[in-house]
Structure formats: C-alpha cells, structure tokens
1. Show Arg332, Arg45 ordered by accessible area, largest first, where the area counts protein heavy atoms only and the probe is 1.4 Å.
2. Take the Cβ-Cβ distance between Leu187 and Gln324 as r, set R0 to 30 Å, and report the resulting FRET efficiency rounded to the nearest 0.05.
3. With each label point set 7 Å from Cα along the Cα-Cβ vector, what nm distance links Phe33 and Tyr205?
4. Please work out how much accessible surface Glu46 shows to a 1.4 Å probe, ignoring ligands, DNA and RNA, in Å² rounded to 10.
5. Please give the contour-minus-distance gain from Thr225 to Ser378: 0.36 nm per residue of separation, less the Cα-Cα distance, rounded to one decimal in nm.
6. To the nearest 0.05, how large is the calculated FRET efficiency for Asp307 and Val247 if R₀ is 41 Å and r is the Cβ-Cβ distance?
7. First select every other residue whose beta carbon is under 13 angstrom from the beta carbon of Ala127; then total the charges, Lys and Arg +1, Asp and Glu -1.
8. For Val275, what is the net charge nearby, where nearby means another residue's Cβ is under 12 Å from its Cβ and Lys, Arg count +1, Asp, Glu -1?
Amino acid sequence: VTLFVSPQPVEATDDAFWDQFWADTATSVQDVFALVPAAEIRAVREESPSNLATLCYKAVEKLVQGAESGCHTEKERQIILNCCRLLTRILPYIFEDPDWRGFFWSTVPGAGRGGGDDDDENARPLAESLLLAVADLLFCPDFTVQSHRRSTVDTAEDIHSIDSCEYIWEAGVGFAHSPQPNYIHDLNRTELLKLLLTCFSEAMYLPPSSDSSNANPWVQFFCSTENRHALPLFTSLLNVVCAYDPVGYGIPYNHLLFSDYREPLVEEAAQVLIVTLDYDSSTSSSPTVDGTTTGTAMDDVDPPGPDNLFVNYLSRIHREEDFQFILKGVARLLSNPLVQTYLPNSAKKIQFHQELLVLFWKLCDFNKKFLFFVLKSSDVLDILVPILYFLNDARADQSRVGLMHIGVFILLLLSGERNFGVRLNKPYSVRVPMDIPVFTGTHADLLIIVFHKIITSGHQRLQPLFDCLLTIVVNVSPYLKSLSMVAANKLLHLLEAFSTTWFLFSAVQNHHLVFFLLEVFNNIIQYQFDGNSNLVYAVIRKRNVFHQLANLPTDSQSIQKGLQRKKKTPEPISRTNSQDGVSMEGSRPAAPAEPGTLKTSLVATPGIDKLTEKSQVSEDGTMRSLEPESSQPLPEGNLSSTVSDGEPWSG
C-alpha cells in the first residue's frame, strides 16, 4: 500500500487515496494482518507519522459515519468491518510508543469531520468518538441485531431513535425474548468486540505503576453514562456467556461438522466483561457495592454506587431466577472440559475457563446476594469440582500460575461460609479423570487430596498459596463428618513434612502451616469425632510426629545442628503408606510449561489477611474472628524439598 512506501504526507481530503484501505470487498481479518506487517506499521510511525495519524482519523470517521447512517447497504457494512480490522491491527503499535500515548485523547481541528458538525462534536477526543461509534454499531439493525421492521432502506430504523434495550442479544437476565440466531450478526459482533478489547488493552503497554488508582480511561469512558448502550450491552454480554451451551444437541463430533460462530463471540464477550468489571471499589469515593440496593432488576435510573455502570448493574441483579441462570451457565461452561465421552474427542471442549473463573470471582465480589445464593445452592459443588480439576491440572505449569491464584482465591472466599463446609459432605460419585489416587469418599476428601497434590508436587512459585490452601481446610474442618483413610493420611503426611526441625526453623513464618494443621485436627476431633475414626486412627498411628513436635529442641545449638543436617543430606519425606497407588482412569499427569512458554510473574500476591477474615468455631458453636496475622511469601526452595513426596530435590 502506498502509505507504507511513500514518506510524503497525504492530505486528509484525498478521499480516493484513503478509500483504498477499506473499499476492498474481499478482505478478511487474516488478509489485513498479512498485508499490514508489524515492521511496516512501525516504519510509518517513525518516518511518516502524519500519514499514520490521518489513517486513524479517517478510519474512526468511517465508523462514526456508519453508526450515524445505520449502514444499510452491503458495501457500507464491508467498509465498517475493514476499518474495524485495520484499527484492531494498528492500535497496539500506537500504544507501545510513549510519544503516541495521548494521540487518541487529543482532537485535531478539521480532521475530515466536515464543517457541518457543531463545535462540541469537533471537540470530542478521537477515543470517545471511536468508543461511541462501536457501541452504536453493536446495536445496528441488520448488521449486529435483528431488525424489528420489515422495511426498505427509505423507512429503515433511525439508529439514534431505537431503544437498544429491545435489541439485547440473548434471553436471560432482564430480557425474556431469545432472538433468532444469525451467524452473520455473531461474526460482526465478534469483530467489533475485538476492536473494543484492543482499545482497552492500552494498559498492557504502560510501565507498571505503584499507583493503583490509575484507571483505564478507555474503560472508564465506555462504562460511564456517556455510553447510552451501557445497560443493554452489559446484559447482552452476560446473557450470551451464560446461555451458551457448547455441546448443543449432543450429536457426537458435531463441532467438526459445523462451524460454531457462537463460541468466538462468547469468548470475546467474556473477555470484554471481565475487563470492564476491573474496578477497585476501595479507590472510589462512591458507596461500596454490596448488592443490597432495592428496586426492580437493573433499572435505568442512576442509583448511588460506582461510576462504572457495568459494576453498578452487576451489583444490582437480585432476582433468584437471574442468579440461577448465571450460576447454571457458568457451572455448565466450567464443567465442559471435564466431560467424558466414550468416543474420543467427540464433544466440543471450550478453552476460556480462566476468563470464566475471573468472571465468577467478579460476580461474587460485587454482588454479595449472588455469593449467598451460590452458597445455599446445591450447584456450588458444580463450581468446586471444575476448580479442583483446573488447580490439579495446572499445578506443575509455571505459565498458569494466574489460574492457580484465581482458583484458590475463589475457594477461600466460599470456604468462609458454613454452608460450603456442610455441602462438602456430599459423596463424590462423578469420576472426573484427575491425576490423583483413587478413593471412595466425599467432596471434602477430593479437596484435601488435590490440595496435598498441589503442595507436594506443584512448582515452587505456588509456595505463597500454601497459607491459603490450609486456611481453606481449617475453615471447612468443623463441618467434615467423615474423612476417608486416603484424605486422613494426606493430612498427616503434610504435618510430618511441615513439622521437621529444619523446616520449622528455616523461615520465620513456617510454623504457621503446622498451626493450621493442628487446628484442623482439633476442630475435627472436637466437633466431628464420631464419624472420623479414619483420622483418629491415622493420628494414633503417627503419634511419634506429635511427640517429636512436643519435644522440639529450642536451644540454638540443636537448631543449628538440625539446619546443617538438612543441608548435608537432602532426604525427602518417604512416600510409604501415603496410599498413592493407582491414579484415576483416563487421567494424565500435570505437565510443566511448554518449552519457551513465557514464565509469567504476578504482582506481589496480597497477604491472606487482605482476602478473607480468619475465623474459627468457638465452644458455643458460633464463628469468632481471629486477628489477621501478617502473611509473607515463603522463601524460595525451602519447601519443595520437604514435601516432594518421594522425589529428591536439588535446590
């Protein structure tokens, strides 16, 4: 394209030149990415910045014109899609250059908008014009939504007069009518959502900031009252995700026979939702969102609450049938990768479970009524089992450490409520293929066995989560009626590992892990003694561990001797009697990260006291809160050697 060859500035008024970028009718996303290589975009940015700026202005101008006209002809729709793809391709290269950071938030006089517009419209920054145009186009009849009128172009609906709440994409929360599926509309929505996500992604190109109040201006504007489609769009995204059923009619191999145009839309919708809901209520001057506001489901009046309308609407969902729809939808999608069929690869498997977990966290965090609904529902176990499956599967893969954190934090949140502990007593009969020993027991046994596996055979960067894992077990322990022998042995094995002299004294806070385990044993023996003969037997069988702990040397000479002995002979804990035996049928061992995979790192994990209140059951059966203790990450390399469960460790 001439733009990438000629360094000469091209006038914005030269329509013939600029039209060649979006007039081609046969362009696909792949074509745009192939025809506009990264090196050439960077070259234009350096050598001919005015051409790149004009290209962006003209592309946004085309989107604005399309949104205003309602893009009734096939040609107009193609131009909109081409501009969309071009901007999706170019935006990241504008974000990566610090000199271009403010470009989309500036206004340039006479940027080809025409003299007919009034001054106010001319003063709108380019980013705002782009976001409002995309929002309008997401509810454009015959382009992204079904038209309600059978009309000719002459009497076509005026895009500014339509009520977009009548055009919500899918039945569910706040909308009863399920529109006829239209794969063209799904494709067009997906393209627009990809552009939206690209706009929101500017934060990825900024250097990390210690100031957490740095809000994303793109998200802030899009979720403000400036966007008249905020309510129908939030509802559409939520309903599209929660109503999606990847298995469909259940015909084997149907996903290989037909293209599913809904899945890419659902994945983009989930991603856009969690980005727009990325809101820190602690930095807001508005009242805290607690889901307790009254009124009909998601009214369109301005209530007290956060400025982010998506968070606001989410916090105000309160009808039981809406909660049921959301919970069933999320549970169905989370369970999808676990579905076992007799025919290999015959059922469709979705890949966006991490986004679903983040969405579920946001739902529980911003809407406490939803959290209580989940806890009193029997479906909470349909959330628990997939989370345990993903935690177990990702434990050896450093690139999936984020998935481990979000999964553990959700379980920590749920475990704070009595109802969750009581539900864990339900027998575990669904045989999800996991790389864990075969056992017969309850969901509580499954939880303990998976946690033991994470601690003993996960990678070292999971050590800061050990506090959280054991706190979850402490929280549920007063309600566990009958642990299996396998789970009881796992708990004793952890105590044996954590209570060795060298481990206890090798870091300041290591003794916390022993305290947690002793609290688990005390709770079970005090409140659930009758049904827990397996645990009592295991404790008696391992009584020497408790005797050694009671007689722990405290003089500095003995402590030094214990630490030196460990340095000389790194002998791992024996795996005998841990009953690991055979793993479940159909399971595969957790794999480490693929070679060359980015070793992701997280910003410092918040201490456990920031995530939950620690509580324990007092003598009268009520929960009493404990003062939160400071929780520091464990030093690298201390623990894996202790609890490697049979594999030598070289640090």
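1. Arg332, Arg45
2. After rounding to 0.05, the efficiency reads 0.45.
3. Between Phe33 and Tyr205, the label points sit 1.7 nm apart.
4. Roll a 1.4 Å probe over it and Glu46 shows about 110 Å².
5. On the way: separation 153, 0.36 × 153 = 55.08 nm, distance 3.79 nm.
Difference between extended and current length: 51.3 nm.
6. The formula returns an efficiency of 0.55 here.
7. -1
8. -3
The values are calculated or read from the model by the stated rules, or taken from the named source; none is laboratory data. What you see is a predicted model; the values in this text were computed from it and never measured. Cβ coordinates were reconstructed from backbone atoms using ideal geometry, including for glycine residues, and neighbour counts include every protein chain displayed. Heads up: the accessible areas ignore ligands, DNA and RNA and are worked out on the full protein's heavy atoms, side chains in. Shrake-Rupley method; radii C 1.70, N 1.55, O 1.52, S 1.80 Å.
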